[in-house]
Structure formats: structure tokens, C-alpha cells
1. Does any residue in segment 77-99 that is touching a residue at least 60 places away in the same chain (Cβ under 8 Å) come within less than 9 Å, Cβ to Cβ, of a residue that is part of a strand (DSSP E or B) and small (Gly, Ala, Ser) six or more places away or on a different chain, and which pairs are these?
2. Select from segment 143-166 the residues that are in contact (Cβ under 8 Å) with a residue 60 or more places away in the chain and touching a Phe, Trp or Tyr at 6+ places or on another chain (Cβ under 7 Å) and list them in ascending order.
3. So which pairs qualify, if the first residue must be in segment 119-134 and touching a residue at least 60 places away in the same chain (Cβ under 8 Å), the second must be of a type in the set (Gly, Ala, Ser), the Cβ gap must be under 9 Å, and the two must be at least 6 apart or on different chains?
4. Just to be sure, is LYS228 farther than 30 Å from LEU106 by Cβ and open to solvent by 40 Å² or more (accessible area, probe 1.4 Å)?
5. Going by the conditions given, is PHE271 within 30 Å of SER10 (Cβ to Cβ), in contact with a strand residue (DSSP E or B) (Cβ under 9 Å, 6 or more places away or on another chain) and surrounded by 14 or more Cβ atoms within 10 Å (Cβ to Cβ)?
6. Name the residue that is least open to solvent (accessible area, probe 1.4 Å), counting only residues in segment 240-260 that are among the polar types (S, T, N, Q) and under 17 Å from LEU295 (Cβ atoms).
7. Could we say that GLU191 is without any contact (Cβ under 8 Å) to a residue 24 or more places away in the chain, open to solvent by 10 Å² or more (accessible area, probe 1.4 Å) and of a type outside the set (A, V, I, L, M, F, W, C) here?
8. Of all the residues that make up segment 165-187, how many are hydrophobic (A, V, I, L, M, F, W, C) and closer than 16 Å to GLY149 by Cα?
Amino acid sequence: DPQMIHVDNSYATPTPIIEDGRLYCHYGPYGIVSVDTATSKVLWENRTLRVKHENGPGSSPVLWNDLLIIHCDGIDQQYIVALDKRTGKEAWKTVRSGKLNENPQLQKSYATSLVVDVNGSPQVISPAADWVYGYDPKTGKELWKMAYGQLGFSNSARPVAGHGLVYICSGYMKSHLFAIKPPVAAGDSPEVVWKATKQVPSVSSPLLIGDELYFVSDNGIATCLDAKTGESIWTARIGARFWASPIYADGRIHFFDRSSTTTVIEPARQFKKLATNKLTGEQLAGAAAVDGSLLIRTSDALYCLRKK
């Protein structure tokens, strides 16, 4: 009895995790399953994480030590939960504490966590609707939270971290990108080092390469910022509509238009386009670089691209 789903989404949007002979596949409120990769035996499944996403699942699980950390931000309830990867049983669950817009349609989120080291201690950086949170991954204790200062929901970008900063996109209605310094002590507030407001994507994630931060807006404007200061280095139009996140592989940045056109650029402080490649169908999913191959899934096919 599946819930309704957005035309641009699927019931298998969250990214799976593979490690040490185990595969973890998350289907949002429809369940999460662990499979033995050698025998294909189902080791456990958990169907208790029921929320009303309305548009279908989006958040991917994060593996940290023996825990699978999962966002559950629907229109009916919002929380973050950790499951024991060995059994699928709940290890901890923390309800979101930030006050949200009264409209349930503006309370949902599809973002994914990032675990970072802050002064020698791990923190879960967890973007949700209107707020970004910091949690202790061992216990789920809320360490801090920060409001975007504006409406921000249906966000799906995963944070990236470097230079002692974490970079967060706020999602719809108008996405902003925050460079924050997480606090060391619980209860303290993060420091917003800089904020970008132009051509920030609502859906796709940014890329941090060295001292530069790269991203592409929903309508096809690629941007390079100085990751330490937020200064704009260059902008360039590279397409029309973007949903998938870019990737950095083989020393190159790959941007994926929804028309299944890949624009390849050099990561540099001057815009330099290296190639444009066209596949068939529509591309909404990000690509993966594995063992010298580029795997791209479009609405028509799964492609494996490799040098001869």
C-alpha cells in the first residue's frame, strides 16, 4: 500500500550502502533491508520508520561504525534515527526540536547527514526543514541547532565539509548556501562564516575540491566560489535543467543535465569546459565512479562508460 509519489521521484531514490559483504538498501517508509552479498540472503529488515514523505523517499542512510543513521522528515513527523547495522533494531531516535512553519507541506525534508570530526569528537551534521542540527552519533543527543533564518524545506543536498567548515544548502523556496563552523561545546551556536544567495541549487549537492566549492543551479548556472571566503570566482551557463549532483572523478568535474547531457570541466579558478557528452533519456540520479568506470542511470538505461 505505497504512498503517493512525485513524478520526478521513485520508490528507490535513497542511495544504498555496501561494505564487507553487506548491502543496505533503504526505501524510506517502506523499509530498510540488509542483504548478504555472497549469498543474497536477507539478513534483516525493518519497516518501522513510517512517515508521510508525500513525494516519496529521498534521504540516504549514513553508515557510522555499527550504526545506520537515517533522516525521517515527513509532513506528519520529523526525527532522526539510528539502527544497529547488525540487527536492524533501533539504537536511538531523536525528534527534531526546531519550530517549523505551520503548513505541513513546508515541514518535509529529503536531505542526508554527514558525520564530521569537530575538535576530536564526531558530530552528525543533519539538515532538515528550516533548521540544521548537530547530534552525537553515539547517542543521538542534540548538541546544537541553527535556523536558516528563512523558509527552507524539501532540501535534498548532502553537506560537504573542509577547512573546518560545513557547507549546507537550505532547499526550497529560495536556496541559500551556508558555510558554518560547528561549535565544539554542546549548547553553543555554530558560526556562520559566510553565506551565498545566488544560483544555489534546491536539489543537487555542492562539490568541495581543494579551496574551491562548485555547484550548479536548478536552471543550469554553474558556480565556483572560494570555499574559505565565499567570494565568487566564476559563473557559467552549462545547461538548462539540473537535478542530479555533480561528481569529481579522474581529475574532472562532471555535471549532469536532466536531458542526460554531461558537461565535463576542469576544477580550476578559471572556467574551462573539456567535453560535452549526450546519452538518451532523462537523468535525475547522480553518477558513480567505480574502478575506472563511470556508471550513469537514465530513464532509458544503465550505462557503464570506460576508457578503451
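The values are calculated or read from the model by the stated rules, or taken from the named source; none is laboratory data. Remember, it's a predicted structure, so these values are computed and weren't measured experimentally. When we count neighbours, we look across all protein chains shown, and the Cβ atoms used for this are built from the backbone with ideal geometry, even at glycine. Heads up: the accessible areas ignore ligands, DNA and RNA and are worked out on the full protein's heavy atoms, side chains in. Shrake-Rupley method; radii C 1.70, N 1.55, O 1.52, S 1.80 Å.
1. ILE80/SER126; LYS85/SER34
2. Scanning segment 143-166 gives SER154, SER156.
3. VAL124/ALA82; VAL124/SER113; VAL124/GLY134; VAL124/GLY140
4. yes
5. Spelling it out, it is not the case that PHE271 is within 30 Å of SER10 (Cβ to Cβ), in contact with a strand residue (DSSP E or B) (Cβ under 9 Å, 6 or more places away or on another chain) and surrounded by 14 or more Cβ atoms within 10 Å (Cβ to Cβ).
6. The residue in question is SER260.
7. Yes; evaluated as a whole, the condition is true for this residue.
8. Total meeting the criteria: 7.
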